[in-house]
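Following: one structure in structure tokens, then a few remarks.
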Amino acid sequence: MNSKETKKRIDELVRLLNEYSYWYYVKDNPKIADAEYDQLFDELLKHESEFPQFKRDDSPTVRVGAEPLKEFKGFSHDPPMLSMQKAYTIEELKTFQERINRFLNNPIEHDFEYYVEPKYDGLSCELIYKNGYLIGAGTRGNGLKGEDITENAKTIQSIPLRLKENISISIRGEILMKKDDFEKLNEENRKKNESLFANPRNAAAGSIRQLDPKITASRRLYFIAYEIENYEVKEQMTTIELLRKLNFRTSKDPLLTIGINNTFSVFNRCEMKRADFEFEIDGVVVKVNSKEYQKRLGAVSHNPRWAIALKFKARESSTQIIDVEFSIGRTGAVTPVAVLKPVEISGATITRASLHNYEIFNSFKIAKGDTVLVKRAGDVIPQVIKVLEHSGEEKIKFPDTCPACGTKLFKEPDSPIIRCINIECPTQIFEAVTHFVGKEGFDIDGLGPKQIKKFIESGIIKSIPDIFKLNEHPEIIKWDGFGERSYENLIKSIENSKHISFYHFLVSLGIRGVGGVTAKLLARYFPTLEIFLKTEKEEFANIDGIGPIAADFIHSYITNSKNIEVINNLLKVGIDITYLTISKDRELALADYSFIFTGTLETLSRSQAKKEVEERGGKVVSAVSKKVDFVVTGEKPGSKLKKAISLNLRIIDEEEFKNILKKGAKT
Ligand code: IVH
């Protein structure tokens, strides 16, 4: 290629690659496979190194990151970047509107048109474009002056290096990391024994405030634009439309609302869907839609009068450590649990939180009085995610011996967990019995934690099969809290529970690695318990859906003589197992096929859909890979779809999925 041809090719590659990045990072809708992109990118690099004079300012190769800086320069904002007043309730929102009405001499109940956007929990930042080119980027700082992060911003793929129009404009928005990218980053750091980020916002901040732009480039950051400065626009809604036209990533679902009630119900809906957002949001921003009004309303101190942040109740909060307890699970795993100074998180008072496991606990170096950050995500047990301040008290040590039975604890080499391996440990027995009689197991009514504890303390239950000998202890009737009726009922439900499906039986044993899904696979595969108990490790691993680790757990369970004794004793007391007699056609229609779901289906819940697949012998997986046969997409599919496209997988919608359920996959 001569120099003229090369220049032409460089221009074309820059245009193509920028276009592909746009589809990938702004539209979440990749147009080519990653490998193809890389190939074109390498070609561009090659041409640019041969003819550096043709390298363009908007070349995607700029995004690999410039040389490290010595320090950040200052970056001034004109007009200043404001903050916002906060509200949590509909009353506060009402007060906000009334204040606007008073200011504008409107009737007090006049309803405004608002534009409601998700409130992204990241780092706000300003981008400066001159004649279409990105020439500067700065963090918010104190609103008047932040830090110059121009070189770092250039590495963020969703920030255009050049606009489609040669205009001069300032754009404001939020730098963010996706929730799943944050999890992945922390997982990698954990493996490398490096410190962890507390949340996606800290991770984004830590990634952007790097003197070496190459580090920023290696983290997957996004920019979501929400404001334009120094440019005439009529409405907030047109602002977002213009940003989209200029190829910026914006919120996918801002809404125009009218008045307080409508706005507050949008906020409520948003809170319900909070977990579905790929970026962390902590509320919505309510903005008066008309820019004319915005101008008239202006700002008081650092807050505009025309906008308010409606915040969700916090899911994270800081509090203090009172003490640490060490609890023992059914498999003997010892979990450190923080006893906390009560703190309110998303409407619940939290007094205890998990400190994860032996390894993470040790990395925290916890002492009484430490201030910690506690997180409560949905229904999940609260967790301590970070130590904010050490009290200076003596560090709490992880015990060497089991707090319940005194046996020396055992640390498995490749696991962060430490456990008590005494099968007769009373706490383990308690956990094992509780699991055994649970809904997915023998489902015995009237045998709750309180009763189980008493039976273990009195020595009536020393091991699981003793449950079935409770009928030999009529003295229980005289115990506090028991009576003839409740004792008889208990004995009756124990008797009834003896007829059990192989599936529930397998679940009840509490074999490590065997939850509902694996138990189902085992119950389908093995015609009898006897055959199951004589199976070699390799055969378990060969069952579709069972990995080598679970196979290992199952095999060590059935080769442990204590476990076999428990099972034999169960059979002796008359446990009667029913095996699956399955209609082969239906059962196996989807055997050998694997499915993955992304987005919300219209007529089936995720768990129903999963059940339908599993009932036909199919598998539902959670990670996209070449092995996936069908990618079922619903409303608002996530990043899995992107990956599926790049792997060229078969993508189907709900209707097609239902067809497959009806007719099988061979169509
Ligand atoms: S508008 C006066 N829109 O919230 C309005 N801000 O509490 C200025 N934020 O510093 C910003 N999402 O970091 C706006 N859709 C959104 C936002 C948003 C998040 C942040 C931003 C700002 C803070 C103010």
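Cα-based Rg of segment 1-157 per 2.2 N^0.38 Å, rounded to two decimals? Please list the in-between numbers first.
Numbers: Rg = 22.6 Å, N = 157, 2.2 N^0.38 = 15.0 Å.
Here the Cα radius of gyration is 1.50 times the empirical estimate.
So if each residue of separation counts as 0.36 nm, and I subtract the Cα-Cα distance between ILE215 and ARG352, what length gain in nm does that give? Could you put the intermediate results ahead of the total?
Details: separation 137, 0.36 × 137 = 49.32 nm, distance 3.69 nm.
Stretched out fully, the ILE215 to ARG352 stretch lengthens by 45.6 nm.
So what are the three principal axis dimensions of the chain from its Cα atoms, in whole Å, longest to shortest?
Principal extents (largest minus smallest coordinate, Cα): 88, 64, 51 Å.
Using only the Cα atoms of segment 202-326, what semi-axes does the equivalent ellipsoid have when each is the square root of 5 times a gyration tensor eigenvalue? Give whole Å, largest first. Let's see the in-between values first.
Details: eigenvalues 184, 108, 49 Å².
That gives 30, 23, 16 Å for the three semi-axes.
Choose one of ILE321, PHE75, GLY638: the residue whose Cα lies farthest towards the positive end of the charge dipole of the chain (beta-carbon charges +1 Lys, Arg; -1 Asp, Glu; about the Cα centre).
Working it through, the farthest residue towards the positive pole turns out to be PHE75.
Starting from the 7 Å offset along Cα-to-Cβ, what nm value, one decimal, do you get for the label separation of SER76 and ASN105?
3.7
In segment 371-436, which GluC sites (Glu not before Pro) are in a loop and have at most 13 other Cβ atoms within 10 Å, using DSSP for the loop call? If you can, show how the numbers build up before the last one.
Details: sites: GLU389, GLU393, GLU394, GLU424, GLU431; in loops: GLU393, GLU394, GLU424.
Sparse-neighbourhood loop GluC sites (Glu not before Pro): GLU393, GLU394, GLU424.
Need the list of aspartates and glutamates near LYS450 for cross-linking: C-alpha distance under 13 angstrom, and skip anything on the same chain fewer than eight residues off.
GLU431, ASP480
Restricting to the chain, what percent of DSSP beta bridges are antiparallel, rounded to 5?
Working: 74 of 90 bridges.
The antiparallel fraction comes to roughly 80 percent.
Give the order of PHE482, PHE597 when sorted by the count of other beta carbons within 10 angstrom, beginning with the fewest. Mind showing how you got there, number by number?
Values: PHE482 16, PHE597 24.
By the 10 Å Cβ count, ascending: PHE482, PHE597.
Aspartates and glutamates near LYS572 by alpha-carbon distance under 16 Å, same-chain residues fewer than 8 away left out - which ones?
Correct list for LYS572: ASP466, GLU472, GLU495, GLU530.
Over 30 Å between Cα atoms: which of LYS154/LYS375; LYS386/LYS453; LYS534/LYS658; LYS184/LYS411; LYS453/LYS492 fall into that group? Intermediate values should be presented prior to the final figure.
Values: LYS154/LYS375 33 Å; LYS386/LYS453 34 Å; LYS534/LYS658 39 Å; LYS184/LYS411 25 Å; LYS453/LYS492 20 Å.
Violating the 30 Å Cα-Cα cut-off are LYS154/LYS375; LYS386/LYS453; LYS534/LYS658.
Just to confirm the filter: which GluC sites (Glu not before Pro) across segment 517-570 are DSSP coil and have at most 15 other Cβ within 10 angstrom of their Cβ? Before the final figure, lay out the partial values.
Numbers: sites: GLU530, GLU536, GLU538, GLU539, GLU565; in loops: GLU536.
Here the GluC sites (Glu not before Pro) that fit, given the DSSP loop and packing criteria, are GLU536.
For the chain, list the cysteines whose Cβ sits under 4.7 Å from no other cysteine Cβ?
If one checks each Cβ against the other cysteines of the chain, CYS125, CYS270 turn up with nothing under 4.7 Å.
What full-extension length gain, to one decimal in nm, is calculated for SER327 and ILE651 as 0.36 nm per residue of separation minus the Cα-Cα distance? Walk me through the numbers on the way to the answer.
Values: separation 324, 0.36 × 324 = 116.64 nm, distance 4.50 nm.
Gain on stretching SER327 to ILE651: 112.1 nm.
Of the trypsin sites (Lys or Arg not before Pro) in segment 321-367, which ones lie in a loop per DSSP and count no more than 12 other C-beta atoms within 10 Å?
Details: sites: ARG330, ARG352, LYS365; in loops: ARG330, LYS365.
Loop-located and lightly packed - LYS365.
Can you tell me the relative contact order of the chain? Whole percent, Cα pairs under 8 Å, sequence separation 6 or more. Present the calculation step by step, with values, prior to reporting the outcome.
Working: 1157 pairs, mean separation 61.6, N = 667.
The normalised contact order for the chain reaches 9 percent.
Between segment 171-243 and segment 481-557, how many Å separate their Cα centres?
46
Quick note: the coordinates plus some simple rules give every number you see, no bench work behind them. The structure presented is a predicted model; accordingly, all values stated were derived computationally and were not measured. Positions of Cβ are backbone-derived with ideal geometry, glycine not excepted, and every protein chain shown enters the neighbour counts.
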